[in-house]
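Engineer: Dropping a structure here in structure tokens format, bear with me for questions.
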Amino acid sequence: MYYLYAIAAFVVVLFFSGIRIVRPTSRGLIETLGKYTKYAQPGFHWIVPIIQKIYLVNVTEQMFSAEPQIIITNDNLNATVDAQVYFRVKSDEESVKSAIYNVNDYKFQIINLARTTLRNIIGTLTLKSANSERGKINNELLNTLKEETGKWGIDIVRTELREIDPPKDVQETMNKVVKAENEKVAAIDFATAAETTADGVKRAEIKKAEGSKQAKILEAEGEAQAIKLVNEAAEQYFVGNAQLLRRLEAVETALKSNTKIVVPGNAELINVVGEMAGILPVVK
């Protein structure tokens, strides 16, 4: 009787110890005595303990850092370079088998392959071109990893170059160069603005001078026209009486300038003006 209980207990323990649950994020390979026998999809699986073993493989997208490393660029500068690699194991049976049986440790292999590829790529570039061609470096790294890991059942999703840092002294020099270039651009912009302002002032002064010139020309033309009219009048009405015309002009000037004239008490105002102009007095 006790044997039956012992056998039943053993069967129960054996059954529960052989239960394996494969999650949707994983796939499994079941081996029997070291030989592949079954592909385990997500769900419930039972294996014979000790005799069988299941190996689970994560098929979700994963990210690993290639870890910072110092790379000598083509212009003999030591640059600290770091990158990230995003990949996943394909979920079909052959790809999962390749990730387990075709490479010893695909994670470790991918990291080292990425580091080696970065050294090969950046070693042919100058530090300046490496910083300005990050997209090109990412593409070359991605293509190389895809080609090399194709037989491992791995899908390289993308690669990202995190940093390309030059030595501290070189970085300080580069910062000074950038600052000097920015100051140069600012100085050129300021000079251009000042030149534009000066041109505007110059054009305004020219316009002002042209206006003044035109006003003087018009004023001179007006005076010339007035003189012409006076001369025509003189020729028409004062022919042979130049002295009389001169006296009239003198009287006009005197009166216009508010000149004070002393008139004798026994004289008529019209006679005084007439005498100043050289005209015979009016007889009462």
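The values are calculated or read from the model by the stated rules, or taken from the named source; none is laboratory data. Here the structure is a predicted model, which means the values were calculated and not measured. As a convention, Cβ positions derive from the backbone with ideal geometry for all residues, glycine included, and neighbour counts pool all protein chains shown.
Engineer: Suppose we filter LEU77, LEU118 for residues that are over 14 Å from TRP152 (Cβ atoms) and in contact with a strand residue (DSSP E or B) (Cβ under 6 Å, 6 or more places away or on another chain); which single one remains?
Structural biologist: Among LEU77, LEU118, only LEU118 is over 14 Å from TRP152 (Cβ atoms) and in contact with a strand residue (DSSP E or B) (Cβ under 6 Å, 6 or more places away or on another chain).
Engineer: Is there a residue being small (Gly, Ala, Ser), surrounded by 18 or more Cβ atoms within 10 Å (Cβ to Cβ), out of contact with any helix residue (DSSP H, G or I) (no Cβ under 6 Å at 6 or more places or on another chain) and assigned to a helix (DSSP H, G or I) anywhere in segment 135-150?
Structural biologist: Just the residues of segment 135-150 that are small (Gly, Ala, Ser), to begin with: 135, 150.
Checking the rest, the ones that are also surrounded by 18 or more Cβ atoms within 10 Å (Cβ to Cβ) come to none.
No: segment 135-150 contains no residue that is small (Gly, Ala, Ser), surrounded by 18 or more Cβ atoms within 10 Å (Cβ to Cβ), out of contact with any helix residue (DSSP H, G or I) (no Cβ under 6 Å at 6 or more places or on another chain) and assigned to a helix (DSSP H, G or I).
Engineer: Right, here's the next one. Got a sec? Which of GLN69, GLN62 is in contact (Cβ under 8 Å) with a residue 24 or more places away in the chain and either under 30 Å from PRO166 (Cβ atoms) or surrounded by fewer than 13 Cβ atoms within 10 Å (Cβ to Cβ) (or both)?
Structural biologist: From the options GLN69, GLN62, the qualifying one is GLN69.
Engineer: So which strands (runs of 3 or more DSSP E) are wholly in segment 1-116 and hold at least 3 residues that are modelled with pLDDT under 90?
Structural biologist: Result: 69-72, 78-89.
Engineer: When you go through THR253, THR192, THR149 one by one, which is the residue that is modelled with pLDDT of 75 or more, of a type in the set (S, T, N, Q) and either over 30 Å from GLU61 (Cβ atoms) or not assigned by TED's automatic domain parsing to the domain that holds LYS107 (or both)? Walk me through how you get there before you give the answer.
Structural biologist: Values: THR253 fails: modelled with pLDDT of 75 or more; THR149 fails: either over 30 Å from GLU61 (Cβ atoms) or not assigned by TED's automatic domain parsing to the domain that holds LYS107 (or both).
None of the others qualify; the one that does is THR192.
Engineer: Restricting the search to segment 95-114, which residues are surrounded by fewer than 15 Cβ atoms within 10 Å (Cβ to Cβ) and farther than 17 Å from LYS146 by Cα?
Structural biologist: TYR101, ASN104
Engineer: Considering only segment 122-129, I want to know if a residue exists there that is of a type outside the set (A, V, I, L, M, F, W, C), loosely packed, with under 14 Cβ neighbours inside 10 Å and at pLDDT 85 or above.
Structural biologist: For segment 122-129, residues of a type outside the set (A, V, I, L, M, F, W, C), loosely packed, with under 14 Cβ neighbours inside 10 Å and at pLDDT 85 or above: present.
Engineer: If a residue has to be without any contact (Cβ under 8 Å) to a residue 12 or more places away in the chain and of a type in the set (Val, Ile, Thr) to count, how many in segment 92-145 make the cut?
Structural biologist: 1
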